[in-house]
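First comes the structure, then the notes that go with it.
The values are calculated or read from the model by the stated rules, or taken from the named source; none is laboratory data. The structure presented is a predicted model; accordingly, all values stated were derived computationally and were not measured. Note that we place each Cβ from the backbone using ideal geometry, even for glycine, and neighbour counts take in every protein chain shown.
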Amino acid sequence: MPSTASEMTSQDGVKFISGLLAGVGVPSILWGEYLLNVYGVPSIVGGIDFVIPDDKMPLAVATLKGSNLRPCPDLDACVVSGDSSPFPVPAFHMHIQGSEVDVSLRAHSETLWFIPPPNNPSSSKTERAAKPNPYYLEASSPELPPWRHGRGHGAFSSDGSPVLVPRAHILLEAYIRLASAFREDYGHYFLNMVTYMAEYPFKDGLINTDLLPKPCRTFWDGHRQGKLPVRQLMNNLQRDLGDDIDRGSEFSSE
Ligand SMILES: [Zn+2]
């Protein structure tokens, strides 16, 4: 079990938490700044986020509370949960002892509502390999970039507990949909994420944008061409996605 702050914030710490959750039957998807690092975006890792099926959230929270993570000392003042948070406040978060890094849990219905959550983490490695998931892949996948100087963490090693990440086009689609769904409060933040995706994973050839649904593809093309004002692109996106903000209920975790 990783114990020091630097171990907890390394890929071993991420694998440890993913494995802790998997051990009680909670599937998790890596999210947030750590995920960007896996995709070769040179961002500072302030947090390790996981997306959890809504119905598994109580169990996931109880599991983290039983770990060596530290409770948040002040929810109102904390950058993760306070008013100054640049992104939607997670359902639950804790902190890594002796570091500034937080571990956050986000509800599937608030983050990846347009795809089903992964199956329970009970399937064996051979089962997973036999049926590639259209939405997720393992953080150790050769489809992910290797470590590069100044370009983030890159893919994980294949030892230890598996960690799931969204496929690159799903991550881009999520940021576009989130920019629309949370336009008023966090639109700027998610548009920055779209720009990161354009600057790094897209330029690296990691994103097949043909797989984007039409409203998101239209937005992406317009954003890249830069001919229309972003405000207008966002208006068109919200119109084309329709009432897309009714998250959840469509999928269960089973
Ligand atoms: Zn906190």
Qualifying residues in segment 47-61 (those that are surrounded by fewer than 18 Cβ atoms within 10 Å (Cβ to Cβ) and touching a residue at least 12 places away in the same chain (Cβ under 8 Å)) - the one farthest from the ligand (Cβ to nearest atom): Asp55
Residues of segment 206-221 satisfying the condition of being of a type outside the set (S, T, N, Q), under 16 Å from Ile115 (Cβ atoms) and surrounded by fewer than 20 Cβ atoms within 10 Å (Cβ to Cβ): Leu211, Leu212, Pro213
From Ala198, Ala181, Ala155, residue being in contact with a Pro (Cβ under 8 Å, 6 or more places away or on another chain) and aliphatic (A, V, I, L, M): Ala155
Would you confirm, using the coordinates I've provided, whether Gln97 is away from the ligand (no atom under 16 Å from the Cβ) and not assigned by TED's automatic domain parsing to the domain that holds Tyr196? no
Could we say that Arg239 is over 18 Å from Ile115 (Cβ atoms) and not polar (S, T, N, Q) here? yes
Index of the failed condition, Leu105 passing every other in (1) away from the ligand (no atom under 16 Å from the Cβ); (2) modelled with pLDDT of 95 or more; (3) not β-branched (Val, Ile, Thr): (1)
Residues that are more than 10 Å from the ligand (Cβ to nearest atom) and either modelled with pLDDT under 95 or not charged (D, E, K, R) (or both), drawn from segment 62-84: Ala62, Thr63, Leu64, Gly66, Ser67, Asn68, Leu69, Asp83, Ser84
Out of everything in segment 35-46 that is within 23 Å of Leu112 (Cβ to Cβ) and among the hydrophobic types (A, V, I, L, M, F, W, C), what residue ends up being nearest to the ligand (Cβ to nearest atom)? Val45
